[in-house]
Amino acid sequence: MKPIIEAKELSCFYGVVLGLNNVSFTINEGITGLVGPNGAGKSTLIKLITGQLKPSSGSLSVMGEDPWNHLDVLARIGYCPEHECIHKELRPIDWLRSLAVLSGIPWKKTKAISEKALEVVQLPSVHWNKKIGAYSKGMRQRVKLAQAILHEPELVILDEPMNGLDPMGRREMGKILKDLRSQGVDIIISSHILHELETLCGSFLMLNWGRVLASGRQTKIREDIKNWSETLAICSDNPQQLADHLLEGNHLKGFLIEGNQLLIWLRDPKDFSLKWTEYLADCDVVIQSIENKSQSLSHIFEKITV
């Protein structure tokens, strides 16, 4: 599979301030999550991919080309920024038609193209004639996404697209993005809502302090991490008795009780995964559920940023 983005020894500096420091990675087709705390280098990377910044050293290719000052490549990219740059006195149709003209689309075609984009992001037509300033946060996010897909790009980059959305709005946004992917659009999502990324993304690029901590599919990232300490959450009718039993068997590094849930850190995860029924058989408690917490993206990210 040919990568859509490839970086080799890529660095970007703002004077003496480090944005990205000698990073190498590939991003393949699909939906990719860009993960990292504030200052990790996510915004710098997005600006490099979208041709807003030129690398200080190293190389970056997007769909096989250098995006810096390359209009043909940039025309194949859609970008939805984190901050709102929407003219709130305009109707969405008017705003989108203006952007379409700036993209080189003839005026006569802009109305149909703008309406199609609003339909894709599932903004009800009853709102199309209202000023954007009267919209809710979730509706404005849809309009921002509409401008990003207006010219039918091959790659769409979204910076914090779930900001300000309620749970239902986040689910709807996720469905829209999955539908776009089913149509062959590649998507990169930068977000702090890690559990939302887990349901959307097939792979991840994890950054911190301008460096790549891990990249690839979640299972690959997990396998690459050494000295892994498995974390299980066990719900039972007597978590204290269960903790005492496991401590007596010397299976635990530590534990935490929250209501009917026992959170445990295991000494030998592989051994416990093979023999847990045997170890719990002689403990007189009712096990209601067992969940592997260390599989989550949040747990992985916490592990590798320590």
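The values are calculated or read from the model by the stated rules, or taken from the named source; none is laboratory data. In this text the structure is predicted, and so the values were computed from the model without any measurement. Neighbour counts are summed over all protein chains in view; Cβ atoms, including those assigned to glycine, are modelled from backbone coordinates with ideal geometry. Ligands, DNA and RNA are excluded from the accessible area calculation, which covers all protein heavy atoms including side chains. Shrake-Rupley method; radii C 1.70, N 1.55, O 1.52, S 1.80 Å.
Structure above, values below:
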read-out	value
Distance in nm between pseudo-label sites at residue 28 and residue 137 (7 Å out along the Cβ direction from Cα)	3.6 nm
Net lengthening on full extension, residue 290/residue 257 (0.36 nm per residue, minus Cα-Cα)	10.5 nm
Residues whose placed amide H lies under 5 Å from that of residue 4, excluding near-sequence neighbours	27, 28, 29
R0 of 25 Å, Cβ-Cβ distance residue 198-residue 122: FRET efficiency to nearest 0.05	0.65
GNM result for the chain, Cα springs below 10 Å: residue of 191, 273, 24 fluctuating most strongly	273
Pairs of alpha carbons in region 108-211 whose separation is greater than 18 Å (percent)	50 percent
Helix-derived mean residue ellipticity, 222 nm - over the chain, DSSP H n ≥ 4, -39500 (n - 2.57), to 500	-10500 deg cm²/dmol
Equivalent ellipsoid dimensions for region 156-274 as semi-axes, Å, which come from the Cα gyration tensor, largest first	36, 19, 12
Label zone at residue 86, where the point sits 7 Å out along the Cα-to-Cβ direction: region 146-167 residues whose backbone N lies under 18 Å	146-151, 157-167
Under 17 Å from the residue 57 label point (7 Å along Cα→beta-carbon), backbone N, region 197-215	210-212
Over 20 Å between alpha carbons, listed pairs 47/144; 42/175; 220/270; 88/109	42/175; 88/109
Globularity ratio of the chain, using Cα Rg and 2.2 N^0.38 Å	1.21
Whole-angstrom gap from region 166-181 to region 1-40, using each part's C-alpha centre	25 Å
Cα gyration tensor category, rounded, prolate or oblate, for region 165-214 with a/c compared to 1.5	oblate
Cross-link reach list, aspartates and glutamates versus residue 54, counting only Cα pairs under 18 Å and skipping chain neighbours closer than eight places	6, 9, 65, 66, 72
Exposure of residue 267 as accessible area (Å², to 10), given a probe of 1.4 Å and all protein chains	130 Å²
Residues whose placed amide H lies under 5 Å from that of residue 231, excluding near-sequence neighbours	293, 294
Per DSSP, loop GluC sites (Glu not before Pro) in region 12-107 with at most 16 further Cβ within 10 Å	82, 84, 89
Efficiency of FRET from Cβ geometry, residue 268 and residue 179, R₀ 41 Å, rounded to 0.05	0.40
